[in-house]
Amino acid sequence: MSQESMNVNMIEAARDAQWDPARFLGPNYLRLIAPAKVNLFLGIGATRADGRHEATTVMQALLLHDTLYLNTKAEPWEMPEDSTLPPWQAIGGPAGNVLVNLDVADKGTPLPLQTAAADNLVFQAVDALCRALGWNSPLQVSIRLEKTIPHQAGLGGGSSDAAAVLVGLAQKLELAANDERISEVAQALGTDVAFFLKGGAALLDGAGENFVHQLAPLKVPVVLVKPEGGVSTAAAYQAFDQQPDAVPPALLAQVEAAANAADVPLFNNLDAPARQLLPAIAEVEEMLASHPAVRGHLLCGSGACVFAITKTQADALALAAEAGKRGWWARATSGSPLRACALG
Ligand SMILES: C[C@@](CO)(OP(=O)(O)O)[C@H](O)COP(=O)(O)OP(=O)(O)OC[C@H]1O[C@@H](n2ccc(N)nc2=O)[C@H](O)[C@@H]1O
Ligand SMILES: Nc1ncnc2c1ncn2[C@@H]1O[C@H](COP(=O)(O)OP(=O)(O)O)[C@@H](O)[C@H]1O
């Protein structure tokens, strides 16, 4: 472990020691689960009039998840005298009436997320839902976000956090679970957010936000391996445009006909653009391609993580340990029927 990461961990440990769970364990708290995803199939097509690309995808939720704690208080709050907010606070809502306090704790990701509350998708989810509801009375929302899912990995962590907050806040504000404004806000926040409201395994099309149908989820062991560095989703799509690679129609037909995630062919035409942006991805893929325990492997979404399927959990644990020894972030997990949800 480098001196730098040791320092980061010690700061994190000190911060955790100061954290008082009682703040979140009153009658008003909700614990939220935000699972990661992989794309078993990701077929990118032409650029649409709105600038986004057509995308047909099968997403599969994983057991690996972020955990969030959410608390609301329908009470007025005061703006600091100089109107300057600390980085862990942000103001949203249709009348600047919603104050969000966001506490982010890193739980073993390779590079802790360092975005101000206003740039966090969790805040954007609160803001967008309050605006969609026309919620204009004072509201305080406190969120603790425990990050286990690395960012810029193609694992959809930020989108899943946003979906979990939509579910939690909707529950707090006493919306019906099937209130259409929740899914409309999810679609507007990003294509992956809509998937996490359904979870398990699902076929999506449009730009990737349009739910087509659910598939029987994969429950096999999955190993995630991420080299150092990340790939920005926008950059991956831009690189794809330099050398677009069409999806074979027969493959698309096979995906559309599949009722089980296990029957979906592993395919991702963002793989070449992502490797071009971060050549270390190719090293991970080479290692997985030649490993006897690996049944199949693929880049996760726009990268930089690569997932591998193994037969047994013991194989998955051994493979993750082996990848870790090469200096890569690696975790053994599995496919799951999870969706973004509140535990109570
Ligand atoms: C590639 C995928 C695969 O599931 O996920 P990740 O690997 O990032 O998790 C998705 O398509 C990520 O979709 P989404 O979650 O909407 O990405 P965003 O971060 O909102 O979009 C970032 C940028 O990517 C481009 N983009 C995104 C989706 C799409 N169908 N066409 C695009 O061209 C746009 O330039 C957009 O501004
Ligand atoms: N709660 C969050 N978790 C992770 N990333 C976030 C979050 N909020 C904002 N972001 C920003 O969104 C980007 C995309 O989210 P991320 O989880 O990395 O998804 P993916 O790796 O699937 O593209 C991140 O690189 C980060 O800058």
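The values are calculated or read from the model by the stated rules, or taken from the named source; none is laboratory data. Bear in mind the structure is a predicted one, so any value in this text is a computation, not a measurement. Virtual Cβ from ideal backbone geometry, glycine too; neighbours counted across all protein chains shown. The area values use the complete protein model at the heavy-atom level, side chains included, leaving out ligands, DNA and RNA. Shrake-Rupley method; radii C 1.70, N 1.55, O 1.52, S 1.80 Å.
With the other protein chains left in place, how much accessible area per residue, in square angstrom, belongs to the range 68-163 at a 1.4 angstrom probe?
Using a 1.4 Å probe on heavy atoms only, each residue of the range 68-163 averages 42 Å².
Sort the following peptides by mean Cβ neighbour count (other Cβ atoms within 10 Å, averaged over residues), highest first: 154-167, 70-83.
The densest-packed peptide leads the list: 154-167, 70-83.
Between A74 and A257, with labels modelled 7 Å along Cα→Cβ, what's the label distance in nm to one decimal, could you check?
It is 5.4 nm.
Hey, if you put +1 on the Cβ of every Lys and Arg and -1 on every Asp and Glu Cβ in the range 217-334, which of A234, Q313, A262 ends up farthest toward the positive end of that dipole?
Of the listed residues, the answer is Q313.
By per-residue mean of other Cβ atoms within 10 Å, what is the highest-first order of 299-309, 246-256?
299-309, 246-256
How large, in percent, is the carbon and sulfur part of the accessible surface of the chain at a probe radius of 1.4 Å?
Carbon with sulfur: 52 percent of the solvent-accessible area.
Can you give the percent of C-alpha pairs in the chain whose distance is more than 37 Å?
Here the long-distance tail beyond 37 Å is 18 percent of all Cα pairs in the chain.
Over the range 209-320, average the accessible area per residue using a 1.4 Å probe and give it in Å², no decimals.
Heavy-atom SASA per residue in the range 209-320 reads 46 Å².
So the label point goes 7 Å from the Cα of R295 along Cα→C-beta, right? Which residues of the range 218-260 then have their backbone N under 13 Å from it?
Residues passing the 13 Å test: 218-223.
Let me check against my output: what whole-number percent is the relative contact order of the chain, with C-alpha pairs under 8 Å and at least 6 apart?
The value is 24 percent.
Determine the alpha carbon to alpha carbon distance for each of K172/K226; K219/K325; K73/K107; K147/K219; K107/K172; K73/K226 and list only those over 29 Å.
Flagged as over cut-off: K172/K226; K73/K226.
Calculated from DSSP H runs of 4 or more alone, at -39500 (n - 2.57) each and per residue, what is the 222 nm mean residue ellipticity of the chain, nearest 500?
-10000 deg cm²/dmol
Taking the Cα centre of the chain as origin, work out the dipole magnitude from +1 charges on Lys and Arg Cβ and -1 charges on Asp and Glu Cβ, in debye rounded to 20.
Dipole of the chain, to the nearest 20 debye: 780 debye.
Within 10 Å, count the other beta carbons around each residue, average over each peptide in 132-139, 225-232, and list them highest first.
Descending mean neighbour count gives 225-232, 132-139.
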